[in-house]
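See structure below.
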Amino acid sequence: MAGKKQFDMDTALDAAMIQFWRAGYADTSVDDLSRATGLNRSSIYSSLGDKDTLFLRCLDRYAARYGDKYDAALSCAASEPLTAVRAFFDVTLERIADPELPDGCLVAQSAMAIPVLSPSVAAHAKEVLGLQRLRIRAALKAGRLTDQDAEAFAEHVAAVNQSLAVMSRAGASPAQLLAIVGVTVDALSQALRTRDQHPRATSAEPTTREVRD
């Protein structure tokens, strides 16, 4: 329409997401978002929302984009759990290595920013962070780990995955990041071997003593 500035919503949201990702929530002002998106303050508020609203939209956008990649990586967990976890870490390592993207991880940065976020935004950031653990736990359960092992490894894998982003931002080399991943994958490999060597009897299967009695 003549006289009305047009803009692409996806492009604007991606630009805002990159700004939050690069600088973090606390160090991103509405003026920064204006420069990043090319929209004036009034247009940002009317089209994208206030800073908290826009941050949540960007956080959800980021989580969905990489969540789909993580889901695809973990899709073979039922038959190849070790391969699935390696592929899960590969998603993060490839993102870290991409020169077109900021260092670190928007979810990890959001977790560290929780003390300065409003209660509602902090709660949502915690929820997004928790989704990664739930995703990994479900995959490891599909790989037939016990509930206890699946929960423990889900916590560990999620924590390592977030630490990769933080360490890369602090200057860790690709070789160092791969070594960290290797320790986690080796530990999981050992747990899987133990599972295969000592499968647990199900409650539906009577023991020899129960049959004899």
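The values are calculated or read from the model by the stated rules, or taken from the named source; none is laboratory data. Because the structure is predicted, anything quoted here is derived from the model rather than measured. Cβ coordinates were reconstructed from backbone atoms using ideal geometry, including for glycine residues, and neighbour counts include every protein chain displayed. Each accessible area value is taken on the protein alone, full model and side chains, heavy atoms only, with ligands, DNA and RNA left out. Shrake-Rupley method; radii C 1.70, N 1.55, O 1.52, S 1.80 Å.
Length gained on full extension, Ala159 to Leu131: 8.8 nm, using 0.36 nm per residue less the C-alpha separation. Normalised by residue number, the volume inside the convex hull of the Cα atoms of the range 1-103 is 117 Å³ per residue.
Can you work out the FRET efficiency for the pair Ala170 and Met9, with r the C-beta to C-beta distance and R0 = 45 Å, to the nearest 0.05? Kindly include the intermediate steps, with their values, before the conclusion.
Values: r = 34 Å, r/R0 = 0.76.
That gives a FRET efficiency of 0.85.
Using a simple spin-label model with pseudo-atoms 7 Å out from Cα toward Cβ, Gln190 and Cys76 lie 2.5 nm apart. Taking the Cα centre of the chain as origin and assigning +1 to Lys and Arg Cβ atoms and -1 to Asp and Glu Cβ atoms, the resulting dipole is close to 140 debye. Across every direction, the projection of the convex hull enclosing the Cα atoms of the chain has a mean area of 16.0 nm². Each residue of the range 38-88 gets 83 Å³ once the volume of the Cα convex hull is shared out per residue. Available extension along the chain between Ser42 and Asp90 is 13.2 nm, counting 0.36 nm per residue and deducting the alpha carbon span. By the helix-only formula, in which each DSSP H run with n ≥ 4 contributes -39500 (n - 2.57) and the sum is divided by residues, the chain has a 222 nm mean residue ellipticity of -23000 deg cm²/dmol. For the range 149-162, putting each phi into the Karplus relation 6.51 cos²θ - 1.76 cosθ + 1.60 with θ = phi - 60° gives couplings of 5, 4, 5, 5, 6, 4, 4, 5, 4, 4, 5, 5, 4, 5 Hz, in residue order, rounded to whole numbers and with x for Gly and Pro. Translational diffusion coefficient of the range 58-133 (Stokes-Einstein, Kirkwood radius from Cα pairs, 25 °C, 0.890 mPa s): 182 µm²/s. For a label point 7 angstrom out from the Cα of Arg65 toward its Cβ, which stretches of the range 21-48 have the backbone nitrogen within less than 13 Å? Output list for this probe position: 21-22. Any chance you could count the Lys pairs in the chain whose alpha carbons are under 25 Å apart, treating pairs 8 or more apart or on different chains as valid? For the chain, qualifying lysine pairs total 6.
Carbon-plus-sulfur fraction of the accessible area of the chain, 1.4 Å probe, in percent? Don't jump to the answer; show the numbers that get you there.
Working: 6340 of 11760 Å².
With neighbouring chains kept in place, the figure for the chain is 54 percent.
Taking every Cα-Cα distance in the range 119-204 and sorting them into 10 Å bins from zero, the calculated P(r) comes out as 15, 38, 31, 13, 3, 0 percent. Between Val30 and Ser120, the modelled label-to-label distance comes to 1.6 nm, taking each label 7 Å out from Cα in the direction of the beta carbon.
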